[in-house]
Each structure stands twice: as C-alpha cells, then as structure tokens.
Amino acid sequence: MNLDPETAAFPLDHLVIGKDPDANALAMRSGTFSYKMLNHRVGVLAAWLRGQGLVKGDRVATWLAKTELACIMPLASARAGLVHVPINPVLKQAQVAHIAADSGAKLLISNAGRLKTLEDSNIHKDCALHEDKAVSAALETIATPMEPSAHTTDTNDLAAILYTSGSTGRPKGVMLSHANLTLGALSVAEYLKLSDDDRTICVLPLSFDYGQNQLFSTWAAGGCVVPLDYLTPRDVMKACAREKITTLAAVPPLWVQLVEHEWPEEATRSMRRLTNSGGALTPGLVKQLRAIFGSTTDIYAMYGLTEAFRSTYLDPALIDDNPTSMGTAIPFAEILVVDKSGAVAGPNETGELVHCGPLVAQGYWNDPERTAERFKNAPEAAHYRGMAVFSGDTVKRGDDGLLYFVSRDDAMIKSSGNRISPTEIEEIATESGLIAEAVALGVPDERLGQAIRLFVRPVDRESDRATVTEQLEKYLKQNLPNFMHPRDIILLSEFPKNPNGKLDRNALASMDIE
C-alpha cells in the first residue's frame, strides 16, 4: 500500500473504478450489482443530482434505510461535486430538521412516511424534499450518466458532513474531505487484510463513520458489500449464512445480543474477521466470540472518533491476552498521549489521546468556536504537522507499547454504540413544558454500556408524580430516537447545587437510587 498521503488520496467516487468490472460490488435484496453496474448507477444518480440545479459544494441529505440510493449517494454526490449529509433513519423530526437547517442542505431524499413527519417543520423553505421511489423512477430516464470526476479533483474538497453528538448542545457536523474518506478506506482495508473475495455485511447505520466505512473499505479492496436492516439478532445470523459473509462489524451491545444465540455452522463457516468499535470489548465477550467463531476468525478491537475517522486497532493475534487494549495507530494515523503540560506522557502515564495525520477532519461545519476547542496545532513531538484532533479521552500507553482507555473527560453518554449529548436530552425534556430543570447522566449497563438516567424537577411542584412521569415519557418517545430514551426518570423537588450555584452532576451521580 502507498503510505504517502500526498499521492495515495484520490476522488471518492473513484473507489469503484479500476476494479474487476464483472465482480460483485453491492448485494441488495432486489439483486446484485457488479462494479461496472455500480459505477453506471453512481454516474446516473450524479447526473440526476446536477439536473436539480445544484452547484459545486451544495449539500444533499439522505434520510434512508440501507437502500440502493443510500449506498451509492456518497459516491454520486462526490462525482457531482456536492457534499453528502447522511441522516440516521432512527432520528425524529426535531433532529432531522436541525441537521437539514444547520448543514444548509438544498435537497433531502427520504421515503414517504418519513417525509410526512416533516410537513409541520420549516425545512421546506430552503430544502427540496424528494421521495426515494420517485427518484429511483427518475433515474431510469437518465440517458447519459456523469463521467467519473477528474483525477485532478482537489482531494481536500469537502465530500461529506457527518453529524455526531457532542457533550453539549445539538449534534455538530464533522467535515470530511475526499482525502479523509479515501485514505480511511485504504487504511482499514490494509489492516483488516480485506481482499477482492471478501463479503462484508453492513448492519451499522450508514450515517456513522464506522458504518459508512464498511462500504468504502470493502470497495477499496474490490470486495462485495451486503447491506442489512435487521430487526433481531437472528436476522444477522441468517444473513451471514445466506450470503456467505466473511466480515461482520458491530458494537458491544449488538455483540452481547449475538452471543446469546446458538450460531449454526453455516453462519460461521465463511467468517474471516469480526471488528468492534463504539465501546470496549470485555474479556468475557472476547471468550464468548472465540467459542462461537473459533480460532480461524480474527477479532479486531478498534477505537475511533468521527473527527479523525478511526485511530487505533489491536492486532488480532494479541486480543486473547490483551482484550481491553485499544492497540496501536492505524495506517495514516499518528497517535500521541499528551499530558497536561503538552508533553508526551511516558509509559503507564495517563494523558489525552491526540490524533495527528491526514485522517483528521476539517473541523465542525459552520462552528469555528467548537472547532477551535477540539482541533489544534499538532504537538511539537508529532511527525505529522498541521492540525490534530484532541479527543477528550484519557488513555495510557503500556510498557508493551499498546494503548489502553482510561476515561472520557466530558459528560458524553455512550449507549449502544451511540454518542449521546446529555444536553440534547435535557433540552427536549424542558421543551415539554412539564419540566423546569433536567440532568441526563450515563449509568453502567451490562447490555448497553451505559443507560440514560434522567433527573427532572417538575414545573408544578404539586403535580402528581406518576402523571408527570407518564406525560414526559410520552413526549420524549415522540421527540427522541429510541436510543436516546431514558431508562430511568427520577423526579426531584430540588436539585443539588455546587458552591458556584450550578447543578451538581457529581452529587446526582452519587445518589443512591433504588
């Protein structure tokens, strides 16, 4: 692999160019696309996009399940010189409206049911809404597909904005260039040892960096991707058997569900690798996966940030003896552990994980203040100069050279593989009109990693507690996606305050809740 980022990067839509034209690239329920067919469909969709009056740099959004349109839009928008904004299909109207407005999306494609939920929003003012079935029908009328983008395309041009929760406020858009995405695809394909006969099942949302890269890294290797929207763990098992899957990526809460089932031999026979991110694997979970898949299936533990795409991986030969390690830097990344003085921490000394190199994103869309907080000049010790991303995660490097996660420095909740802003939950709770104050905390949960506990103080102190709880639960279900619903709602007559008069989150976290 070419490890020089100056010459290795290429336009994103070129991922499907130069492969065996007759090889399988995308396996949908409706049929399988070869690389030749996939490249044609990318060109057709790109031509349709440009026919909507869009100009270079315009943002186009998709709010879809794992349909053909959702899978090819990242490449088609790049070919058309546009910027793709994928929206998680489980999000509700409030989050979708925020993302569409914040990104300045000129166009949004979704299904009829989802579009209907936006009728009462202001999204129509600046954003054209298109039903997916109508777009698919229109593509059949396109006579001339758009040619691949020029090799001279500036790979520092913006290709995507991925929205991720921060510890405060609404989701923020991470700006990713062609180079960020293509070098990331090459990096993952390299360390996972993907090849042109691999078949990757895509069970994670394509709006996540980790989920989207399942497509990109497999295509970089010339393999085939199999998108799956599943309802139960058994659906995943059946698809692995039916599609002869070689690569399965998941997050810890899904692994916990998957290992509870008895896997048939035909579902594990072809499996070459399992990859994990979005939370640490436990030693017990590693043993359970090993018992199901055996010693011939590699288990990759990984760590990453949307702001830097992916940062570290653990050599699968080491995972049985080091199941809690984050491993070492992936290709094209330099990982430093920096102490509070800005110096590189020594072995077994804690510090902040700092990611340097060409995978570092371009910052947060239209948010210079939060960009300046997280994206800073690389430390003096860095080989890669320029901007680095400071993760906010405390880690240490052991005597063995491997990295180990210690803690997160902010109030971010990590549940079921999702990064959740407590502020976003708190704002929705108070918008209900039932609640005067709210604090959301993450609490340990064996299946989810962290569950959400919401402390609230009702506006009406004399109101019936059961009624308030019931009404609030109903409001939150209407306005938050499932993964953001609190497990517990605790009503308080007063919130503890610290000496500065601010809400004391530590006091709430230490409360004995029966």
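Readers should treat all values here as calculations from the given coordinates under stated rules, not as data from a laboratory. Everything quoted here is computed from the prediction, not taken from an experiment. Here Cβ is always computed from backbone atoms with ideal geometry, including for glycine, and neighbour counts include all displayed protein chains.
Placing pseudo-labels 7 Å out from each Cα toward the beta carbon at ALA128 and ARG461 gives an inter-label distance of 5.6 nm.
Summarising the strand pairing of segment 413-509, around 80 percent of its internal DSSP beta bridges are antiparallel. Ellipticity at 222 nm from helices only: DSSP H runs of n ≥ 4 in the chain, each -39500 (n - 2.57), divided by the residue count, give -8500 deg cm²/dmol.
Qualifying GluC sites (Glu not before Pro) in segment 265-371, where qualification requires a DSSP coil assignment and no more than 16 other C-beta atoms within 10 Å, comprise GLU349. For the pair segment 352-378 / segment 386-444, the C-alpha centres are spaced 17 Å from each other.
Only beta bridges with both residues in the chain are counted; by DSSP, about 60 percent of them are antiparallel. Using R0 = 22 Å, the C-beta based FRET efficiency linking ARG385 and THR152 works out to 0.30. Derived scalar couplings between HN and Hα for segment 386-401 equal x, 7, 10, 10, 8, 6, x, 9, 8, 9, 9, 9, x, 4, 7, x Hz in order, rounded to whole Hz, by the Karplus curve 6.51 cos²θ - 1.76 cosθ + 1.60 (θ = phi - 60°), x for Gly and Pro. Ordering 278-285, 39-46 by mean Cβ neighbour count within 10 Å, with the highest value first, yields 39-46, 278-285.
Per-residue extension of 0.36 nm, minus the Cα-Cα distance of VAL406 and GLU119, leaves a gain of 98.8 nm for this segment. What residue among THR469, ALA438, ILE452 has its Cα farthest toward the positive end of the dipole of segment 413-509, where the charges are +1 on Lys, Arg and -1 on Asp, Glu, each on the Cβ? Of the candidates, ILE452 comes out farthest on the positive side. Projecting the Cα atoms of PRO323, PRO253, THR232 onto the charge dipole of segment 201-328, computed from C-beta unit charges around the Cα centre, puts THR232 farthest toward the positive end.
Is the C-alpha gyration tensor of segment 413-509 telling us rounded, prolate or oblate? Criteria: a/c under 1.5 is rounded; beyond that, a/b larger than b/c is prolate, otherwise oblate. Verdict is oblate for segment 413-509. For segment 36-41, the Karplus equation 6.51 cos²θ - 1.76 cosθ + 1.60, evaluated at θ = phi - 60°, returns couplings of 5, 5, 5, 4, 5, 5 Hz by residue, with Gly and Pro reported as x. Simple rule: put +1 on each Lys or Arg Cβ and -1 on each Asp or Glu Cβ in the chain, find the dipole, and look at TRP219, PHE375, VAL338; the Cα lying farthest toward the positive end is TRP219. DSSP beta bridges confined to segment 163-322 are antiparallel in about 20 percent of cases. Compared with the alpha-carbon gap, the fully stretched path from ASP196 to HIS261 is longer by 20.4 nm at 0.36 nm per residue. Applying the Karplus relation 6.51 cos²θ - 1.76 cosθ + 1.60 with θ = phi - 60° to segment 297-302 yields 3J(HN,Hα) values of 9, 7, 10, 9, 8, 9 Hz, where x marks Gly and Pro. When only alpha carbons are used to place a centre, segment 1-22 and segment 458-484 end up 51 Å from one another.
Among the listed pairs LYS36/LYS238; LYS56/LYS474; LYS56/LYS133; LYS193/LYS414, give every one whose C-alpha distance is greater than 31 Å. With Cα atoms farther than 31 Å apart: LYS56/LYS474. Between ARG29 and LYS340, the contour length at 0.36 nm per residue exceeds the alpha carbon distance by 106.8 nm.
When only the Cβ of Lys, Arg, Asp and Glu is charged (+1, +1, -1, -1), the dipole of the chain relative to its Cα centre reaches about 800 debye.
Put a plus charge on the Cβ of each Lys and Arg, a minus charge on the Cβ of each Asp and Glu, and nothing anywhere else: the dipole of segment 157-282 about its Cα centre is then about 160 debye. Placing +1 on the Cβ of every Lys and Arg and -1 on the Cβ of every Asp and Glu, with nothing else charged, gives segment 32-152 a dipole about its Cα centre of roughly 180 debye.
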